[in-house]
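Notes follow the structure.
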Amino acid sequence: MSHYAKLAKLSALSIAIGILPILSACSNNNNVVPSSSPVSTASSSSSTELWKQKFDPPITITTAIVDDGASRGNAFKPGESMEDNVNLRWMKENIGIDVKFDFIVTKSEDYDTKLRLLLSSGGKLPDAFRAHGEPLQSLLAAKKLMPLDEAIEKYAHPGYKKLIEDYGYAMGEVKKDGKIYGLPSFYMGDEGTVMWIRKDWLDTLGLQPPKTLAELENVLKQFTENDPDKNQKNDTVGLAVPLKEGPWTWMGQTDAIFAALTTQMIHTSDIRSFWNKGDDGKLSYGAIHPDAKLYLQTMKDWMSNGYIDKEAGIKDPSKSSELVASGKAGVMFGPAWMGDWPLSDATKNDPNADFEPYPLPAGPDGLVGRAEKSLIAGFTVFDKDFKNIEAWFSYFNKMFAKQLEQEGDPFFDPRWKDGYYEGYDYVIHNDKIIKGDYEAVGVPADKWPLKDGRSLDMRFMMTNILGGSVTIPYSNDAPVKKFLADPDAEPVTSKEFDVKQMKKKQIDGQGVRINQGITEGKNYFTGPLTPTMKSKGELLKKLATESYLKIIYGDQPMEYFDEFVKQWLDNGGQKITEEVNEWYAENQ
């Protein structure tokens, strides 16, 4: 009986379901001033032109931000800054919002320290600001933040309300006593794993792209043993994978492998994920589930056969990618953006190197899957005494509508139809909107946004009081489909302009992700660290990651898994499981 036939006999499985957003766009009368607002009033506008909302006299909103200088090269024009730029002037003139910064720091740790000091001293918090982790929980415990359910209902863009409804399961950090205390900023959600393989190696060895784990194992074997680069040396391996932090990371992750064998999502280096939901409605830690043995046995076999980089256990994603760039590995899993960096670096050593994206392989029971990456980038929270939440939403809704770009949206500001500000993120040349490659298309140098020919990266400037970027999950999917169908199609919306700038391999990778139609397994615990996580979490993460590596490398037999699970439970894991389920019962 084959290795995969044996695996097929193990374990009945449950399925974790991820939900895609469905955006609605009904009208919402947001020009009613709440009784809690100050004397400033918004100028009247019809329910079909809410983008015209303006406050007179202007309202001041205070905030705080981390400015680490990382994007200084193209974040502002010479002479402009975070505190003095085109967007702040536009906001005051056109919306009646005057943004002031209580503090600007260069490091995230300094930002958190500032919040702690304000909390301990009783100082005034900024009106609207970003918070997460321990400072956020301290602010919640001290009742310093504004509950937002009523404001969301009154003022939020209906599409954003729908996102909060669809992705409420990911907002555990800002839920307390049945209320929401923070507004999420979302990631795009398009980093789901695809399988990248050297097509030139497949062709050289006469192999077809693998559709199953068994076929993938054969590809790894051939890439390792049959000299796919034809240099007459035994110097290649099949799979480049970073295992220093366990099965799940930001690049090179092996979620497609364990998802082909079980619906138990697995993470070892983060005690907060993955917590899977069982048939009984209870949450359990995936890394200790018996099904994890299926994954460990597969990785153990591949490692012992030499199909995996022997140094995987001490490599992080960047180090693991060097093996790919050097032309010594033929398969690596990861997001679609890998089609540019780091996979394109392989051509520096071999001009014929051709990494292509392929659908994820199926396991012996026909399972195909991947884990959902975090969809929440952070939260905007508000001082409990903030009186101008309507004004904050007037700006946020413009930003959201700009991302949505939906016809008839009453929040969409037509002044931003081509971009944000002419001469900053776009120019108009010969009656065409140009958003890059200015010299190549003949734009005179005096019209370039920056002297070196680049556009400004507007994200830093535009999110001053928003606590994070304004992103609609999966909103790149439609433009990706458009350019896959017709690579020469003209971009019409800002989103299409952005996608058009992607490298072809990245668009191809996104197409593979979209077209395979996988429902991603999600993490059901999104709350703050539980008490036992705080005291025992680091110990348990180290125990899990090291135990997995011992088994994969053959330092311990497969039976050691049961001993590891017992140690995990006895050293705080059982208590953490109880705490997680208490949280879930209160917040699901």
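The values are calculated or read from the model by the stated rules, or taken from the named source; none is laboratory data. Owing to the predicted nature of the structure, the values given are computational and were not obtained by experimental measurement. We place every Cβ from the backbone using ideal geometry, glycine too, and count neighbours over all the protein chains shown.
Candidates are the residues of the range 388-436 that are crowded, with 16+ Cβ neighbours inside 10 Å and among the aliphatic types (A, V, I, L, M); the one that is nearest to Met458 (Cα to Cα) is Met399. Only one of (1) surrounded by fewer than 16 Cβ atoms within 10 Å (Cβ to Cβ); (2) within 30 Å of Lys435 (Cα to Cα); (3) of a type in the set (S, T, N, Q) is not met by Asn87, so which one is it? Unmet condition: (1).
The listed residues are Lys482, Lys495, and the only one of them that is among the basic types (Lys, Arg) and at pLDDT below 95 turns out to be Lys495. Scanning the range 437-459 for residues that are within 27 Å of the chain's Cα centre (by Cα) and buried (at least 17 other Cβ atoms within 10 Å of the Cβ) turns up Ser455, Leu456, Met458. When the range 276-287 is filtered for residues that are in contact (Cβ under 8 Å) with a residue 40 or more places away in the chain and either surrounded by fewer than 21 Cβ atoms within 10 Å (Cβ to Cβ) or farther than 17 Å from Thr254 by Cβ (or both), the ones remaining, listed by number, are Lys277, Gly278, Asp279, Lys282, Leu283, Ser284, Tyr285.
Residue count for the range 168-195 under the criterion of being buried (at least 17 other Cβ atoms within 10 Å of the Cβ) and within 27 Å of Lys387 (Cα to Cα): the result is 13.
For the structure I just gave you, tell me whether Lys293 is in contact (Cβ under 8 Å) with a residue 24 or more places away in the chain, of a type in the set (D, E, K, R) and in contact with a helix residue (DSSP H, G or I) (Cβ under 8 Å, 6 or more places away or on another chain).
Considered against the rule, which asks whether it is in contact (Cβ under 8 Å) with a residue 24 or more places away in the chain, of a type in the set (D, E, K, R) and in contact with a helix residue (DSSP H, G or I) (Cβ under 8 Å, 6 or more places away or on another chain), Lys293 comes out as yes.
Lys162 meets all of the listed conditions (1) without any contact (Cβ under 8 Å) to a residue 24 or more places away in the chain; (2) closer than 25 Å to Phe412 by Cβ but one, namely (1). Within the range 175-200, the set of residues being within 23 Å of Glu405 (Cα to Cα) and either part of a strand (DSSP E or B) or among the hydroxyl-bearing types (Ser, Thr, Tyr) (or both) comprises Leu183, Pro184, Ser185, Phe186, Tyr187.
Do we have Ser318 as surrounded by fewer than 22 Cβ atoms within 10 Å (Cβ to Cβ), small (Gly, Ala, Ser) and part of a helix (DSSP H, G or I) here? Yes. Quick check on the range 30-55: of everything there that is at pLDDT 90 or above and outside any loop (DSSP other than H, G, I, E, B), which residue is farthest from His132 (Cα to Cα)? Only one residue fits best here, namely Lys52. Close contacts from the range 394-409, counting a first residue that is hydroxyl-bearing (Ser, Thr, Tyr) and modelled with pLDDT of 95 or more and a second that is crowded, with 21+ Cβ neighbours inside 10 Å and part of a helix (DSSP H, G or I), with Cβ to Cβ under 7 Å and a gap of 6+ residues or different chains, come to Tyr395/Met91. When the residues of the range 357-370 are filtered to those that are buried (at least 19 other Cβ atoms within 10 Å of the Cβ) and under 20 Å from Asp508 (Cα atoms), the one that is nearest to the chain's Cα centre (by Cα) is Arg370.
Taking the range 385-417, which residues are part of a loop (DSSP other than H, G, I, E, B) and either in contact with a Gly (Cβ under 6 Å, 6 or more places away or on another chain) or more than 17 Å from Tyr155 (Cα to Cα) (or both)?
Of the range 385-417, the ones part of a loop (DSSP other than H, G, I, E, B) are 385-388, 405-413, 417.
Hits for the range 385-417 are Asp385, Glu405, Gln406, Glu407, Gly408, Lys417.
Could you please tell me which pairs satisfy a Cβ distance under 6 Å, a separation of 6+ or placement on different chains, a first residue in the range 102-115 that is buried (at least 16 other Cβ atoms within 10 Å of the Cβ), and a second residue that is of a type in the set (D, E, K, R) and part of a helix (DSSP H, G or I)? Within 6 Å, the pairs are Phe103/Lys114. Per the conditions (1) under 30 Å from Arg370 (Cβ atoms); (2) buried (at least 17 other Cβ atoms within 10 Å of the Cβ), the sole criterion not satisfied by Glu165 is (2). Scanning the range 55-84 for residues that are buried (at least 18 other Cβ atoms within 10 Å of the Cβ) and of a type in the set (Lys, Arg) yields nothing.
Yes or no, residue by residue, for (1) in the same structural domain as Ala287 (by TED's automatic domain parsing); (2) in contact with a Phe, Trp or Tyr (Cβ under 9 Å, 6 or more places away or on another chain); (3) not in a loop (DSSP other than H, G, I, E, B):
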position: Pro210; (1), (2), (3): yes, yes, no
position: Phe223; (1), (2), (3): yes, yes, yes
position: Asp229; (1), (2), (3): yes, yes, no
position: Gln232; (1), (2), (3): yes, no, no
position: Val241; (1), (2), (3): yes, yes, no
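Does Lys233 qualify as being surrounded by fewer than 17 Cβ atoms within 10 Å (Cβ to Cβ), over 21 Å from Val512 (Cβ atoms) and modelled with pLDDT of 95 or more? In short, yes. Note on the range 56-174: enclosed strands (runs of 3 or more DSSP E) holding 3 or more residues that are within 30 Å of Trp275 (Cα to Cα) are 128-131. In the condition set (1) under 27 Å from the mean Cα position of the chain (by Cα); (2) modelled with pLDDT of 95 or more; (3) not in a helix (DSSP H, G or I), Gly378 is compliant with all but (2).
Screening Glu490 against (1) surrounded by 14 or more Cβ atoms within 10 Å (Cβ to Cβ); (2) of a type in the set (Asp, Glu); (3) over 30 Å from His132 (Cβ atoms) leaves a single unmet condition, (1). Within the range 116-135, the set of residues being surrounded by fewer than 17 Cβ atoms within 10 Å (Cβ to Cβ), touching a residue at least 24 places away in the same chain (Cβ under 8 Å) and among the basic types (Lys, Arg) comprises Lys124 only. State whether the residues of the range 261-283 include one that is in contact with an Asp or Glu (Cβ under 9 Å, 6 or more places away or on another chain), in a loop (DSSP other than H, G, I, E, B) and small (Gly, Ala, Ser). Within the range 261-283, one or more residues are in contact with an Asp or Glu (Cβ under 9 Å, 6 or more places away or on another chain), in a loop (DSSP other than H, G, I, E, B) and small (Gly, Ala, Ser).
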